[in-house]
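Novice: Take this structure first; my questions come after.
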Amino acid sequence: MAGVLYIVATPIGNLEDMTFRAVRLLGEVDVVAAEDTRAAGRLFERFSIRPRRLLSYFEGNEAARSAELVDTLTAGGSVALISEAGTPAISDPGARLVRAAVAGGVEVVPVPGPVAAVAALVASGLPSERFTVLGFPPRERGPRQVLFGSLRDEPATLILYEAPGRVGATLADLAAALGEQRPAAVARELTKLHEEIARGPLAELRDRYRDDPPRGECTLVVAGASEAAAPVDVEAEVRRLLDEGLGPKDVAARLLVKTGKPRRELYQLALSLRRRR
């Protein structure tokens, strides 16, 4: 019979969040696949866990390791997958292995625990009945603006992970796309000694972190749209800006966030409409 793949959540900061079940399983399975073996080693030392076998499993070797681990599972072995911190497969490696295990008829068992997105959401004070976890937004500003523009009418609360040095720029793009008064929260160093949750309108948070990046890992929570905004008449907006004397390139840049349309698509539309005049 096939073995079992355990998806084991580990603390995102405070080691007291480790569960008894997770400690037991990590010492019992045939293989522990860890995103960061050094972080796993510290965890094992803290809880006196002696894994039978420890393997690295990270983005760079995910494809090959997934095939190897599925072979172990289909042969009857048991595997526990852990991230550097938090729940595997949530903006961390793991989804590929889970899909392969399911396709191979292997039982997949979640071992719940900390998730930064959920921790930030419940502490933000924002609606939690319906939410969307976006993971890390694109690093490049253009694709990031397109993404945020496409979410202008999304009613669900939005949750993003972001590196400290990019928080200010991301908040600025969120404010431009969703509105400066949209309620939001920035949660940093969750469960750790210097945990902090800053709440306020996007504009206020943008100004706070513009020149003073937060320290530590950050999770951003943004309220969804309270009501659907009037749809943007893209062609009319392009014509209006052309009438104001803007060139196609500037029109595309101006409407990128407001419409959520790709820059190239807006540019081509502006170019086409200008030629017809």
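Novice: Out of (1) in contact with a helix residue (DSSP H, G or I) (Cβ under 6 Å, 6 or more places away or on another chain); (2) surrounded by fewer than 16 Cβ atoms within 10 Å (Cβ to Cβ), what's the single condition that is false for residue 167?
Specialist: (2)
Novice: Check residue 175 against each of (1) of a type in the set (Gly, Ala, Ser); (2) touching a residue at least 60 places away in the same chain (Cβ under 8 Å); (3) surrounded by 18 or more Cβ atoms within 10 Å (Cβ to Cβ) and name the one condition it does not meet.
Specialist: Every condition holds for residue 175 apart from (2).
Novice: Then there's this: Taking the criterion of being in contact (Cβ under 8 Å) with a residue 24 or more places away in the chain and of a type in the set (Gly, Ala, Ser), would at least one residue in the range 37-45 satisfy it? Steps first, please.
Specialist: Quick first cut of the range 37-45, residues in contact (Cβ under 8 Å) with a residue 24 or more places away in the chain only: 39-40, 43.
Now drop any that are not of a type in the set (Gly, Ala, Ser), which leaves 39-40.
Looking through the range 37-45, at least one residue is in contact (Cβ under 8 Å) with a residue 24 or more places away in the chain and of a type in the set (Gly, Ala, Ser).
Novice: Kindly indicate the residue of the range 132-167 that is in contact with a Gly (Cβ under 6 Å, 6 or more places away or on another chain) and among the polar types (S, T, N, Q) and also modelled with the lowest pLDDT among those meeting that condition.
Specialist: Step by step, filter the range 132-167, then rank; the result is 150.
Novice: Which of the following residues is over 27 Å from residue 163 (Cβ atoms) and among the β-branched types (Val, Ile, Thr): 79, 8? Write out each step before concluding.
Specialist: Working: 8 fails: over 27 Å from residue 163 (Cβ atoms).
Being over 27 Å from residue 163 (Cβ atoms) and among the β-branched types (Val, Ile, Thr) holds for just one of 79, 8, which is 79.
Novice: Residue 136 versus (1) touching an Asp or Glu at 6+ places or on another chain (Cβ under 9 Å); (2) not assigned by TED's automatic domain parsing to the domain that holds residue 188: which is the lone unmet condition?
Specialist: With respect to (1) touching an Asp or Glu at 6+ places or on another chain (Cβ under 9 Å); (2) not assigned by TED's automatic domain parsing to the domain that holds residue 188, residue 136 is out only on (2).
Novice: Need pairs with beta-carbon distance below 6 Å; first residue on the phi < 0 side of the Ramachandran plot and within the range 114-137, second basic (Lys, Arg) and assigned to a helix (DSSP H, G or I); sequence gap 6+ or separate chains.
Specialist: 137/144
Novice: Within the range 84-112, work out how many residues are assigned to a loop (DSSP other than H, G, I, E, B) and over 17 Å from residue 60 (Cβ atoms).
Specialist: To start, the set of residues in the range 84-112 that are assigned to a loop (DSSP other than H, G, I, E, B) comprises 84-85, 87-94, 104-106, 112.
Next cut, over 17 Å from residue 60 (Cβ atoms) only: 85, 87, 90, 104-106, 112.
Total meeting the criteria: 7.
Novice: Then there is this: Taking the range 103-113, which residues are touching a residue at least 40 places away in the same chain (Cβ under 8 Å) and of a type in the set (Gly, Ala, Ser)?
Specialist: Going residue by residue through the range 103-113, those that are touching a residue at least 40 places away in the same chain (Cβ under 8 Å) are 104-113.
Hits for the range 103-113 are 104, 105, 113.
Novice: Quick one: count up the residues across the range 124-147 that are out of contact with any strand residue (DSSP E or B) (no Cβ under 9 Å at 6 or more places or on another chain), in a helix (DSSP H, G or I) and within 19 Å of residue 218 (Cα to Cα). First the steps, then the outcome.
Specialist: If we filter the range 124-147 for residues that are out of contact with any strand residue (DSSP E or B) (no Cβ under 9 Å at 6 or more places or on another chain), which is where we start, we get 138-146.
Checking the rest, the ones that are also in a helix (DSSP H, G or I) come to 141-146.
Subsequent filtering for residues that are within 19 Å of residue 218 (Cα to Cα) retains 141, 144.
Summing the residues that are out of contact with any strand residue (DSSP E or B) (no Cβ under 9 Å at 6 or more places or on another chain), in a helix (DSSP H, G or I) and within 19 Å of residue 218 (Cα to Cα) in the range 124-147 gives 2.
Novice: Filter the range 79-129 down to the residues that are outside the structural domain of residue 61 (by TED's automatic domain parsing) and of a type in the set (Ser, Thr, Tyr), then identify the one that is nearest to residue 17 (Cα to Cα).
Specialist: 124
The values are calculated or read from the model by the stated rules, or taken from the named source; none is laboratory data. Quick caveat, the model's predicted, so the values are computed rather than measured. Backbone-built Cβ (ideal geometry, glycine too); neighbour counts: all protein chains shown.
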